[in-house]
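The values are calculated or read from the model by the stated rules, or taken from the named source; none is laboratory data. Values in this document were obtained by computation on a predicted structure and should not be read as measured data. All Cβ positions, glycine included, derive from the backbone under ideal geometry; neighbour counts span all protein chains shown.
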Amino acid sequence: MKLWQKIFIITLILTLAGTQLTAYLIAYRNFRHSVDAERERLITEHRLFISEVENRLVYRKFETGKLSLSEEETEAVLKEIIAGEKNEALLLKNDKVIAGRLGGNTDKAREKSGMQIEESSTGIIMTELDGITCALCGSEIKTDSDRYSVYTSYDVTKTYDDYHAEVRNIRHISYIVSFAIAAVLLVFVLLTLRPLTTIEKEIKGIAGGEYDRRITPEGSAELVQIAKSVNEMAEAIEENVGGLQKVADARKQFIDSFAHEMKTPLTSIMGFADILRIQRNLKDKQRVEYASIILEEAKRLRSLSGKLLQLATADKVLLELAPTDMRELFRDINIAILPMIVNQGMKLEVTCEEGIVLNIDRELIKSLVYNLIDNAVKASEAGGEIRVDCSRNGEHTVISVMDFGMGMKPEDVKRVTEPFYMVDKSRARKAGGAGLGLSLCSEIAKQHGAKLKITSEAGKGTVVMVIFG
């Protein structure tokens, strides 16, 4: 069941209940006033009748010239009055009917109600007899000879019939009013909830993958807030999906590039190994040459797989942070890297200010600096110079590696930290590169809360700085 249908049905039920209850209460209150007024009128009429009876008895004394009437004379006067009364009346003495119609409404009402008259009072009781509502009034008359009970009955059915008719009319009117109110409210609800249709449509679109859809806030304050919340949700979903898509694309690119990088050395290894296996009459010089190629390609594969493993696990590795004297660390790096520099016929200059201590993972920072120097060597010609420095710059500590080699264009600088990206692929592969060095360096720096800054100019060289906060 839709929301507008629920609102309509609930409103209709509540309106019907409210209007009918209110109408019933008003009608019942009016009815009670009418009944009370009728009771007072009938009691007054009954008392007038009793007064007439007492006056007739006095007048009979006056006519006969007697000070008191005998029991026979008194009953004769009472029977005469009862017989002439326009309403039903009943005269009793000691609960014995003296005059009046036995079995009539008055007698039946008295028997049914068991009405008892208290001395010097007038009683009235409403009772129903055979579909007729009667008002039974009773009083006691004291005469010279005895006491008598006088009852009169009045048909008040019309008062009750009018009440029931009024209730029926009220019920019909309340139905009409309730449906009219519900119809007006239904139109109002449909107009008010119209923005929900738009919101529902947009949410379905978002659920279907249209994450760029947005809702124009309109309607009541609550619906405007819902629209804003849905828009915020859509933005968050779009951002997360975009992030996941980037991750998926990056992984695909990573796998594709790695597969491509693995293909070349594996092809060389398999090809030359096959030559060595098949051709038995190879000269020693050729055999050594082919074996050397296989060895170099195997080294390249080992380097590639090692760097791939480091890059894949760099964001999950548990850092072993410890205060480290950077001057001592750079001395170890210089000793370890010097043979490679000498073999390349290059010059390495390593400097570090005294007193610099950083809370770092020593081995990872070593790996970072090794990779930066390795990249600098690959970018430089034989006999070139590489400068490595660690110094303070205000509140920051900066490790920099500078070369004066081939340099990079601005568009290359922006992408150089992407896995497998290489500025000069043929040169990099010839030097045994895989395009993973700077990507790994960037990840290690990030793990230490540092950032990588690269400045380069084509043909003039490159400076890579690791800035620790």
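A Cβ distance below 9 Å, combined with a sequence gap of six or more or placement on separate chains, defines the contacts here; from the stretch 13-36, residues that are under 18 Å from Asn169 (Cβ atoms) and surrounded by 12 or more Cβ atoms within 10 Å (Cβ to Cβ) reach residues that are β-branched (Val, Ile, Thr) and modelled with pLDDT of 85 or more in the pairs Phe31/Thr159; Ser34/Thr159.
The combined condition, being modelled with pLDDT of 80 or more and either in a helix (DSSP H, G or I) or of a type in the set (Lys, Arg) (or both), is not fulfilled by Ala182.
Within the stretch 95-112, the residues that satisfy the criterion of being surrounded by fewer than 11 Cβ atoms within 10 Å (Cβ to Cβ) and in contact with a strand residue (DSSP E or B) (Cβ under 9 Å, 6 or more places away or on another chain) are Asp95, Leu102. When the stretch 445-464 is filtered for residues that are surrounded by 13 or more Cβ atoms within 10 Å (Cβ to Cβ) and under 20 Å from Glu411 (Cβ atoms), the ones remaining, listed by number, are Leu452, Lys453, Ile454, Thr455, Ser456, Glu457, Ala458, Gly461, Thr462, Val463, Val464.
Name the residue that is nearest to Ile399 (Cα to Cα), counting only residues in the stretch 331-363 that are of a type in the set (Gly, Ala, Ser) and more than 59 Å from the chain's Cα centre (by Cα). First the steps, then the outcome.
Restricting attention to the stretch 331-363, the residues satisfying the condition of being of a type in the set (Gly, Ala, Ser) are 336, 345, 355.
Checking the rest, the ones that are also more than 59 Å from the chain's Cα centre (by Cα) come to 336, 345.
On the way: Ala336: 18, Gly345: 24 Å.
For the stretch 331-363, the residue satisfying everything is Ala336.
Scanning the stretch 195-250 for residues that are over 24 Å from Trp4 (Cβ atoms) and among the small types (Gly, Ala, Ser) gives Gly208, Gly209, Ala234, Ala236, Gly242, Gly243, Ala248, Ala250. Within this structure, Thr122 fails the test of being buried (at least 18 other Cβ atoms within 10 Å of the Cβ) and over 60 Å from the mean Cα position of the chain (by Cα). Scanning the stretch 353-376 for residues that are in contact with a helix residue (DSSP H, G or I) (Cβ under 7 Å, 6 or more places away or on another chain) and over 18 Å from Ala450 (Cα atoms), we see that the one that is surrounded by the fewest Cβ atoms within 10 Å (Cβ to Cβ) is Glu354. Considering the stretch 384-426, the residues that are at pLDDT below 85 and under 30 Å from Arg327 (Cα atoms) include one that is surrounded by the most Cβ atoms within 10 Å (Cβ to Cβ), namely Val416. Comparison of Thr192, Thr159 shows that the only residue that is in contact (Cβ under 8 Å) with a residue 60 or more places away in the chain and either over 19 Å from Gln20 (Cα atoms) or β-branched (Val, Ile, Thr) (or both) is Thr159.
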